[in-house]
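Quick notes on the structure that follows.
The values are calculated or read from the model by the stated rules, or taken from the named source; none is laboratory data. Please read these numbers as outputs of a predicted model, since none were measured by experiment. Here the Cβ is made from the backbone with ideal geometry for all residues, glycine too, and neighbour counts use every protein chain on show. These area figures cover heavy atoms from the full protein model, side chains too; ligands, DNA and RNA do not enter into them. Shrake-Rupley method; radii C 1.70, N 1.55, O 1.52, S 1.80 Å.
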Amino acid sequence: MLSILAAALLLFPVNFYANPTANRAQANIGINGFFASDKAQRGRTIQAAVVIDIPSGYHVNGNKPLGKYAIPTVLKIEAPGGVRVSPVNYPRASLRSFPFSKEQLAVYEGRAVLRFNVTIPANFDAGVTELRARLRYQSCTDDTCFQPETREIKMPIGVVGANESVKRINGQIFGGRRKG
């Protein structure tokens, strides 16, 4: 029994998981939702994204972490009835080595853009609708991982008719400017 405990301590140093009170001191991870257009047209698909801004000196585990104890980053989107949301397209994670692991880990650093498409039904009511995005992630430094966290953001978007004009926005996330 003692050898199992000693092996566990070698695999996960005491400071691997910060204590619960240290959870408040973890990185100020920025999480924001964006659409590629200022409004969504009925009967059409609009690009959307949740952007994770990770301060220097921190990382979050990728969506498909390599370590069996690493908590994956997972985005779930709730949409009103009839609105369809595509599966989330996660960015490629970077492979990094850390003092607390003998194996490389797949992590996001800096900015990670999680993309998905939203399709508004042709018969959807005009007005404003809202997506609710829930992001579960675990932030870490090079030697300490904090408790996993789930954050929710609301993503409101105006819904207009299929023939009403929309303006392309957020080119820094979605690329070039196209008129719709």
Under the Karplus relation 6.51 cos²θ - 1.76 cosθ + 1.60, θ = phi - 60°, what is the ordered set of whole-Hz ³J(HN,Hα) values for the range 151-165, x standing for Gly and Pro?
10, 10, 10, 9, 10, x, 8, x, 10, 10, x, 5, 9, 6, 7
What does the C-alpha gyration tensor say about the overall shape of the range 52-135? Classify as rounded when a/c is under 1.5, otherwise prolate if a/b is larger than b/c, or oblate.
prolate
Where the accessible area of the range 77-168 is counted over protein heavy atoms with a 1.4 Å probe, how much of it, in %, is carbon and sulfur?
44
If packing is taken as the average count of other Cβ atoms within 10 Å, what order do 138-145, 118-125 fall into, highest mean first?
138-145, 118-125
Restricted to Cα positions, what overall size does the range 31-180 have along the principal axes? Three whole-Å values, descending.
57, 31, 19
Spacing of the two label points (7 Å from each Cα toward its C-beta) at V85 and K102, in nm
4.0
Can you list the lysines whose alpha carbon is less than 18 Å from that of K39, not counting same-chain residues fewer than 8 positions off?
K154, K167, K179
Cβ-based charge dipole, the range 88-180, positive-most Cα from N163, L95, V107:
N163
Point-charge dipole on Cβ atoms (K/R +1, D/E -1) for the range 88-180, about Cα centre, debye to 20
420
Computed E for D125/D53 - FRET, C-beta separation, R0 35 angstrom, nearest 0.05:
0.55
Rounding to the nearest 20 debye, state how big the charge dipole of the range 26-96 is about its Cα centre with +1 on each Lys and Arg Cβ and -1 on each Asp and Glu Cβ.
280
Using +1 at the Cβ of each Lys and Arg and -1 at the Cβ of each Asp and Glu in the range 38-84, identify which of A40, P65, P55 lies farthest towards the dipole's positive end.
A40
In order over the range 105-110: 3J(HN,Hα) from phi, Karplus 6.51/-1.76/1.60, θ = phi - 60°, whole Hz, x for each Gly or Pro, gives 10, 8, 9, 9, 9, x
